[in-house]
1. Which residues, counting only those in the range 17-43, are on the phi < 0 side of the Ramachandran plot, free of Cβ contacts under 8 Å to residues at least 12 places away in the same chain and not in a helix (DSSP H, G or I)?
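The values are calculated or read from the model by the stated rules, or taken from the named source; none is laboratory data. Note that this is a predicted model, so its numbers are computed, not measured. So basically every Cβ, Gly included, is an ideal-geometry build from the backbone, and we count neighbours across all protein chains shown.
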């Protein structure tokens, strides 16, 4: 399992990045989600790495 925190706002981001953050399950700023550590989730994190923080 991997913990991810949404640290930046989505206001000025592209629609693709907004959909990726939504697919990760985020709805609010500073929200923390625990997701399975697999290739699909890692790819989504890599796509929005400037918006999220990985907490170990």
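1. 27, 38
Yes or no, residue by residue, for (1) more than 10 Å from the chain's Cα centre (by Cα); (2) at pLDDT 95 or above; (3) loosely packed, with under 10 Cβ neighbours inside 10 Å:
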{"site": "20", "(1), (2), (3)": "no, yes, no"}
{"site": "31", "(1), (2), (3)": "no, yes, no"}
{"site": "34", "(1), (2), (3)": "yes, yes, no"}
{"site": "39", "(1), (2), (3)": "yes, yes, yes"}
{"site": "42", "(1), (2), (3)": "no, yes, no"}
